[in-house]
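Visitor: Pasting a structure here, questions to come.
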Amino acid sequence: MSEGAGRDLFSLEGKTALVTGGSRGLGREIALAYARYGADVIVTSRKLEACEAVAKEIEALGRRALPVACHVGRWEEIDALVETAYARFDHVDVLVNNAGMSPLAPSSAETPEALVDKVLAVNFKGPFRLGALVGKRMVEHGGGAIINVSSFAAQRAKPAFGPYAASKAGMNALTQIFALEYGPTVRVNTLSAGPFLTDIADHWPEEARKKTQSAIGRPGQPDEVVTTALYLASPYSSFVTGGVVRVDGGLV
């Protein structure tokens, strides 16, 4: 396939995308990819300065960008984010629920209530609220695509990741709920990410940065999430909804 054909296939011209956790890691890669393929992008994370830096990169690509500080674990901030986004762009065609947190715990018995509440607020309650508000407006506008960025941990849970794995499993279920509630004009899918060498990986052991128990045998590079994110956002995935798409190198 030629580069021109690929651009036509994934064209997001005239679309507006909202990416949470868009200032770093996979969120940043997805936000920039959407801009390269024609979308205007709302970049949100907790730190406005970090969002502004990515917004400048997007504007350098010739697209419009809106940086917004938002803690997705707080519904009042999500409500304000939605109002701000629609006041600026009038419509959101692609929503990527990417923001998340994955703290470790020594054991389930030693996991404090505050940690469970915080993880569920950011990883599940936030995407629920944002998906509900934007999904409803997408239906009114004629359609759209919601992509929930989940994790292999939802299917391969370990005790140290109890709250995180449970929150991501809940997100996978949420994908099916929204697909049924807002279909057929709004498609909702889970992008189930494996280990990627984002800034978070700087804290991993050296071996984990080189090898994984997978068919490919290594962690992914951040840009390797891009084609799946483009596919799920584009009209060429028109018959794909309610699904979980693994982007994990074939973890076993």
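Visitor: Does Arg187 satisfy the criteria of being in a strand (DSSP E or B) and over 14 Å from the mean Cα position of the chain (by Cα)? Write out each step before concluding.
Guide: Values: in a strand (DSSP E or B): yes; over 14 Å from the mean Cα position of the chain (by Cα): yes.
Yes, satisfied.
Visitor: Can you tell me which residue among Ala69, Ala65, Ala53 is modelled with pLDDT of 95 or more, touching a helix residue (DSSP H, G or I) at 6+ places or on another chain (Cβ under 8 Å) and farther than 25 Å from Val119 by Cα?
Guide: Working: Ala69 fails: farther than 25 Å from Val119 by Cα; Ala53 fails: touching a helix residue (DSSP H, G or I) at 6+ places or on another chain (Cβ under 8 Å).
Testing whether each residue is modelled with pLDDT of 95 or more, touching a helix residue (DSSP H, G or I) at 6+ places or on another chain (Cβ under 8 Å) and farther than 25 Å from Val119 by Cα leaves just Ala65.
Visitor: Would you confirm whether or not the range 159-171 contains a residue that is surrounded by 14 or more Cβ atoms within 10 Å (Cβ to Cβ), of a type in the set (A, V, I, L, M) and modelled with pLDDT under 90?
Guide: Kept after step one, since they are surrounded by 14 or more Cβ atoms within 10 Å (Cβ to Cβ), are these residues of the range 159-171: 160-171.
Next cut, of a type in the set (A, V, I, L, M) only: 160, 165-166, 169, 171.
Next, only the ones that are modelled with pLDDT under 90 stay: 160.
Yes: one or more hits.
Visitor: Same structure, new question: Looking at (1) touching a strand residue (DSSP E or B) at 6+ places or on another chain (Cβ under 6 Å); (2) in contact (Cβ under 8 Å) with a residue 24 or more places away in the chain; (3) of a type outside the set (Gly, Ala, Ser), find the lone condition where Val119 falls short.
Guide: Unmet for Val119, out of (1) touching a strand residue (DSSP E or B) at 6+ places or on another chain (Cβ under 6 Å); (2) in contact (Cβ under 8 Å) with a residue 24 or more places away in the chain; (3) of a type outside the set (Gly, Ala, Ser): (1).
Visitor: Same structure again: I need every pair where a residue in the range 207-227 that is more than 16 Å from Asn98 (Cβ to Cβ) has its Cβ under 6 Å from the Cβ of a residue that is hydrophobic (A, V, I, L, M, F, W, C) and in a helix (DSSP H, G or I), sequence separation at least 6 or different chains.
Guide: So the pair list comes out as Arg209/Ala201.
Visitor: Tell me, which helices (runs of 4 or more DSSP H) wholly within the range 1-92 include 1 or more residues that are over 28 Å from Pro219 (Cβ atoms)?
Guide: Per the criteria, 3-9, 48-60, 75-89.
Visitor: Right, something else. Does any residue of the range 165-175 turn out to be touching a residue at least 40 places away in the same chain (Cβ under 8 Å), under 25 Å from Arg28 (Cα atoms) and outside any helix (DSSP H, G or I)?
Guide: The answer is no, given that none of the residues of the range 165-175 is touching a residue at least 40 places away in the same chain (Cβ under 8 Å), under 25 Å from Arg28 (Cα atoms) and outside any helix (DSSP H, G or I).
Visitor: Moving on to the next point. Only one of (1) more than 30 Å from Pro159 (Cα to Cα); (2) free of Cβ contacts under 8 Å to residues at least 12 places away in the same chain fails for Val94. Which number is that?
Guide: Looking at each condition in turn, Val94 falls short on (2).
Per-residue answers, yes or no, for (1) among the acidic types (Asp, Glu); (2) within 16 Å of the chain's Cα centre (by Cα):
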position	(1), (2)
Cys70	no, yes
Glu77	yes, no
Ala85	no, no
Ala109	no, no
Ala114	no, no
Ala121	no, yes
Gly131	no, yes
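The values are calculated or read from the model by the stated rules, or taken from the named source; none is laboratory data. What you see is a predicted model, and the numbers here were worked out from it, not measured in a lab. Neighbour counts are summed over all protein chains in view; Cβ atoms, including those assigned to glycine, are modelled from backbone coordinates with ideal geometry.
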